[in-house]
Amino acid sequence: MAEAVQPIFILPEGYTRTTGKDAQRNNIASAKAVAAAVKSTLGPRGMDKMLVDNLGDITITNDGVTVLKSMEVDNPAAKMIVEVAKAQEEEVGDGTTTAVILAGELLKFAESLLDQGIHPTLINRGYRLASTKAQEILDEIKVKVNIDSKEELRKIVKTAIISKNISGDETLLNLIVDAIKYVKGAENKEEVDIDSIKIEKKVGGGLSDSKLIKGVLIEKEKVHPDMPDEIKNAKIALLNLALEIEKTNIDAQLRIEKPDQLQAFLGEEEKLLKDMVDKIKASGANVVVCQKGIDDAAQYFLSKAKILAFRRVSEGDMKKIGKATGAKVVSTLTELEPGALGEAGYVHTEKIGNEDVAIIEECKNPKSVTLLIRGGTEHVVDEAKRAVEDSLGDLKVLIESGGSVVAGGGACEMEVSKRLKEFAATLEGREQLAVDAFADSLEIIPKTLAENAGMDPIDILVDLRAAHKKGNIWSGIDLSNIAEPVVADMFKAGVLEPVSIKKQAIKSSSEVAIMILKIDDIIAAGKSANQSSQPPAGGYGGGYGE
């Protein structure tokens, strides 16, 4: 009789472990669920999501990364897919939904290959080959456009915002194109500092009331009511110091025995503050923007000198004002010379909605500008801001890549898919199946565009494959025709996207798919007492916590 073997436990109580195919299938199911959550938002006919947080605040959007950031995803593999969206957003500013959907589809086809007995290592090897080849194909088919052409930039922006609720109004489209020219590098035109474009959103009016300020808007009111509301031909001083009497770093006592001693003490403080204001006035400044506080007495003296002043302005705004006006931030008043002052044609205060703001505009050669977005509700201006940020990201990567674009509407993905299948036929071994699966995965983009437009995806894919087989590399789904979307040349239709966005989406989605496929063992700590034992809503559970 064989001796019984005592089981050995290497994990403490409360830990769970999932191994082998179960671990892989759980991870793949979680990733597919995340992709499914944003799939319906893709394209001009995509639907919106209403996100309600635990405080009852509502966000209405079809921006993929916004949706995923707002979801409380608990599953580790699902979190990895969310990270794909975040990485795409940080790297190129757009294409987040495409990246997530593609990652989910790559894992879906990988699951089918696993069912056929193909080892994950072979699938990963094929996916790496396909990803590298896809980058080469994109470089082969990309087309350069004139980045100095306003019309070409308009096409890029229009493609970026066409899926947003604001796409019917072209006001923002024109403002975005106008704004980008101010932050292009003077010496190197292929550098774009979009951080120098300040985006301010104010509820009230409509999208058509939005405007581009050739300067900076700050949410500040003048520090004294007697100061002028407007200054023309402004000379601006940026002060990184307090117009106050500095307190000593040591404890001290002041003994005052007579009233005239108190008066002399207060008079000396007042004199010091007046001297500060006199130095500002002597420099020629008529507008003061102060990063720190301004004493009440200093406010009075500034108002008597007809100097408009603002206090406690953020460091970021100070830098933007400096870029817009040419002013230098000074830390002591001895540095405040005429050469340190900035210039603006018009500085004024006004009330927008219920808020007092200061606007520094009509700058001669601003390197920083402000996009003021207006809208009827908070939800409208929020979505408009997201659309502007996506569009600016598109223009940045377009200009920095030298103007390389591909056509949208699924045309690019269909052409890369076609050429990858041709490449797969040249391979020997099981990697061929993985490359072929990668090619099939790319078809999810035109397929989803068709589904979201209410079209038959099978018929559309058949038509697209036939068109690309004939050599029409830019054939995609033209969704501009509301009555009946058709397969058309998307390059001629002006639906263009920077090639960098497509390259990054393929790169990041394939990398996360490869990483998830390599996992065959999940060891997770049990939930703590204050955590719910229920799996998270939406099916991301899988039975393990963090």
Some residue of the range 31-41 being in the same structural domain as residue 515 (by TED's automatic domain parsing), assigned to a loop (DSSP other than H, G, I, E, B), closer than 23 Å to residue 163 by Cβ and modelled with pLDDT of 90 or more: yes
Number of positions in the range 311-332 that are crowded, with 19+ Cβ neighbours inside 10 Å and polar (S, T, N, Q): 1
Exclusive hit being modelled with pLDDT of 90 or more, acidic (Asp, Glu) and more than 24 Å from the chain's Cα centre (by Cα), set 178, 139, 209: 139
Members of the range 319-335 that are of a type in the set (Gly, Ala, Ser) and either more than 21 Å from residue 239 (Cβ to Cβ) or assigned to a loop (DSSP other than H, G, I, E, B) (or both): 326, 327, 331
Verdict on residue 72 being surrounded by fewer than 21 Cβ atoms within 10 Å (Cβ to Cβ), out of contact with any Ser or Thr (no Cβ under 8 Å at 6 or more places or on another chain) and not in a helix (DSSP H, G or I): yes
Flag for residue 199 being touching a Leu at 6+ places or on another chain (Cβ under 6 Å) and touching a residue at least 24 places away in the same chain (Cβ under 8 Å): yes
Filtered residues of the range 23-55 (kept if farther than 17 Å from residue 85 by Cα and either surrounded by fewer than 17 Cβ atoms within 10 Å (Cβ to Cβ) or without any contact (Cβ under 8 Å) to a residue 60 or more places away in the chain (or both)): 25, 47, 50, 51, 52, 53, 54, 55
Counted residues, the range 67-85 - those being in contact (Cβ under 8 Å) with a residue 60 or more places away in the chain and in contact with a helix residue (DSSP H, G or I) (Cβ under 6 Å, 6 or more places away or on another chain): 7
Only one of 132, 97 that is assigned by TED's automatic domain parsing to the domain that holds residue 41, at negative phi and without any contact (Cβ under 8 Å) to a residue 12 or more places away in the chain: 132
Output for the range 195-219, where each listed residue is in a helix (DSSP H, G or I) and farther than 15 Å from residue 381 by Cβ: 195, 196
Residue satisfying condition, being at pLDDT below 90, touching a helix residue (DSSP H, G or I) at 6+ places or on another chain (Cβ under 7 Å) and in the same structural domain as residue 124 (by TED's automatic domain parsing), within set 502, 518: 518
The one condition in (1) outside any loop (DSSP other than H, G, I, E, B); (2) acidic (Asp, Glu); (3) outside the structural domain of residue 33 (by TED's automatic domain parsing) that residue 105 fails to fulfil: (3)
Test: residue in the range 468-478 that is in contact with a Lys or Arg (Cβ under 8 Å, 6 or more places away or on another chain), in the same structural domain as residue 418 (by TED's automatic domain parsing) and either aromatic (Phe, Trp, Tyr) or surrounded by fewer than 18 Cβ atoms within 10 Å (Cβ to Cβ) (or both): yes
Single condition residue 60 does not satisfy, out of (1) modelled with pLDDT under 90; (2) out of contact with any Asp or Glu (no Cβ under 9 Å at 6 or more places or on another chain); (3) under 30 Å from residue 485 (Cβ atoms); (4) surrounded by fewer than 24 Cβ atoms within 10 Å (Cβ to Cβ): (2)
Among residues of the range 286-318, those that are part of a helix (DSSP H, G or I) and either of a type outside the set (A, V, I, L, M) or in contact (Cβ under 8 Å) with a residue 40 or more places away in the chain (or both), counted: 12
Qualifying residue in the range 222-230 (condition: in the same structural domain as residue 342 (by TED's automatic domain parsing), part of a strand (DSSP E or B) and either in contact with a Pro (Cβ under 9 Å, 6 or more places away or on another chain) or not aromatic (Phe, Trp, Tyr) (or both)): yes
Criterion (under 20 Å from residue 396 (Cβ atoms) and crowded, with 19+ Cβ neighbours inside 10 Å) met by exactly one of 202, 214, 144: 214
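The values are calculated or read from the model by the stated rules, or taken from the named source; none is laboratory data. Just so it is clear, the structure is predicted and the values come from calculations on it, not from any experiment. Don't worry about glycine lacking a Cβ; one is built from the backbone with ideal geometry, like all the others, and counts go over all protein chains shown.
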